[in-house]
1. What's the number of the only condition in (1) open to solvent by less than 50 Å² (accessible area, probe 1.4 Å); (2) within 27 Å of V345 (Cα to Cα) that A52 fails to meet?
2. Looking at the stretch 303-331 only, could you name the residues that are in contact with a helix residue (DSSP H, G or I) (Cβ under 7 Å, 6 or more places away or on another chain), open to solvent by 40 Å² or more (accessible area, probe 1.4 Å) and small (G, A, S)?
3. Do we have any residue at all in the stretch 55-62 that's of a type in the set (K, R), part of a helix (DSSP H, G or I) and modelled with pLDDT under 90?
4. Based on this model, can you work out whether M288 counts as in contact with a Cys (Cβ under 7 Å, 6 or more places away or on another chain) and either at pLDDT 85 or above or assigned to a helix (DSSP H, G or I) (or both)?
5. From the set of residues in the stretch 213-267 that are modelled with pLDDT of 80 or more, hydrophobic (A, V, I, L, M, F, W, C) and part of a helix (DSSP H, G or I), which is least open to solvent (accessible area, probe 1.4 Å)?
6. What is the one condition in (1) in contact (Cβ under 8 Å) with a residue 60 or more places away in the chain; (2) surrounded by 14 or more Cβ atoms within 10 Å (Cβ to Cβ); (3) not aliphatic (A, V, I, L, M) that D33 does not satisfy?
7. Taking the stated definitions as given, is S170 closer than 23 Å to E129 by Cβ, open to solvent by less than 30 Å² (accessible area, probe 1.4 Å) and not aromatic (F, W, Y)?
8. Of everything in the stretch 1-30, what is open to solvent by 50 Å² or more (accessible area, probe 1.4 Å) and charged (D, E, K, R)? Give them in sequence order.
Amino acid sequence: MIFGTLARYFLRRYAMTTFWFLLGVSSIIFLADFSETARRMSGLPGYSVPAALGLTALRLPLILQQTVPFVALFVGMTTLISLNRRYELVVTRAAGISVWQFMLPFITGAILLGILCVAALNPLAAWGESKSLSVEAGWRNDGSGPRQQQVIPWLRQSSGGEDTIIGAKSFEDNGALLKDVVLIHLDKNGNILFRQDAASAKLEDGYWLLNNVSEIRPGHVPTHQATARISTNLRQEFVQERLTQPETVAFFDLSRKIEVAKSFGLSSKALETQYHFLLSMPFLLVAMTFIAATVSLKFSRFAQSRSVILGGILSGFVLYVVTVLVRAFGSSGVVPPFVAVWIPVVVALALGATILLHQEDG
């Protein structure tokens, strides 16, 4: 009964600290991203302060999702230090409750935070990022304001006995509408036949509909057409999968996206890495909680060591950097996605548990 009451009390303290940390971090992110948005886009025709506030609100969940591991680290350290300074952990230990027992509410809180991040925050972040990209593309393609190229992969199609390489600066409608398009037509031997530049290209059933087209052929004067059609065997699903960014796909849709990408013969490494990263999120937050515990449980009321606190922060930062770096290897296919994501998390969990065992049990 005593432990049940203490567990609920510790979990409630953890939840309240998490709430205030998330609120504070969200406020800082919102102000910083709004300032950056105003700096980059204030000269665009579609820009306005209310629109910029809305765009920042759309991007907020994705940026907040990236800070959740650090939030778990600082919440764990703050809560444990606060309990230690008020002698509540001292009384808990004097009652015969071991470190593994009174750490259970904090581990439970970290797991619940990870599940909430994956099940609620991630779908919201994916939807918001997709909408923000569309809004930003609309601003940049509206009027004569400065444009910024969006990094998207080139497409290659084989149709009508020739190959066509298609590139664009931006896209809308999940890849069905390309903006500022370049099409390079090749013969069977790979020689360039001609080039077309179009303001936009709309993927219809069996063809691309080009608007405001300039055509350049070797040895001929460039010609201009209002519209043109280019036959294609590409499907909208293929183009969508080719241009999909993992950050814009919600966790519950990742499995289907991976299967569709494989069915088209596309690389699904980035999507698989994102999927395993989200699966490992609760365990990553538990690892951050272990790191917080290793630097917080030995503090007394008046002898806090700043160097130990700094060591805990640096340890969490190193774990996060290693996780991001190995994820990049997994997305590129250098390392299998499962290995790239789970190895750092498992190693961090094992090291944190080992240090706690050494400190508490000898």
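The values are calculated or read from the model by the stated rules, or taken from the named source; none is laboratory data. Predicted model, so just to flag it, every value in this text is computed and none were measured. Note that we place each Cβ from the backbone using ideal geometry, even for glycine, and neighbour counts take in every protein chain shown. Only protein heavy atoms, including side chains, enter the accessible area calculation; ligands, DNA and RNA are left aside. Shrake-Rupley method; radii C 1.70, N 1.55, O 1.52, S 1.80 Å.
1. Going through the list (1) open to solvent by less than 50 Å² (accessible area, probe 1.4 Å); (2) within 27 Å of V345 (Cα to Cα), A52 breaks only (2).
2. S315, S331
3. First pass over the stretch 55-62, keeping only residues of a type in the set (K, R): 59.
From what is left, the residues that are part of a helix (DSSP H, G or I) are 59.
Checking which are modelled with pLDDT under 90 leaves us with none.
Within the stretch 55-62 (the criterion being of a type in the set (K, R), part of a helix (DSSP H, G or I) and modelled with pLDDT under 90), the answer is no, since none of the residues qualifies.
4. Details: in contact with a Cys (Cβ under 7 Å, 6 or more places away or on another chain): no; either at pLDDT 85 or above or assigned to a helix (DSSP H, G or I) (or both): yes.
In short, no.
5. Restricting to residues being modelled with pLDDT of 80 or more, hydrophobic (A, V, I, L, M, F, W, C) and part of a helix (DSSP H, G or I), the top hit is L254.
6. Failing condition for D33: (1).
7. Working: closer than 23 Å to E129 by Cβ: yes; open to solvent by less than 30 Å² (accessible area, probe 1.4 Å): yes; not aromatic (F, W, Y): yes.
Judged against the criteria, S170 is a match.
8. Narrowing the stretch 1-30 to residues open to solvent by 50 Å² or more (accessible area, probe 1.4 Å): 1-3, 5, 8-9, 11-12, 15-16, 19-21, 23, 27-28, 30.
Those that are open to solvent by 50 Å² or more (accessible area, probe 1.4 Å) and charged (D, E, K, R): R8, R12.
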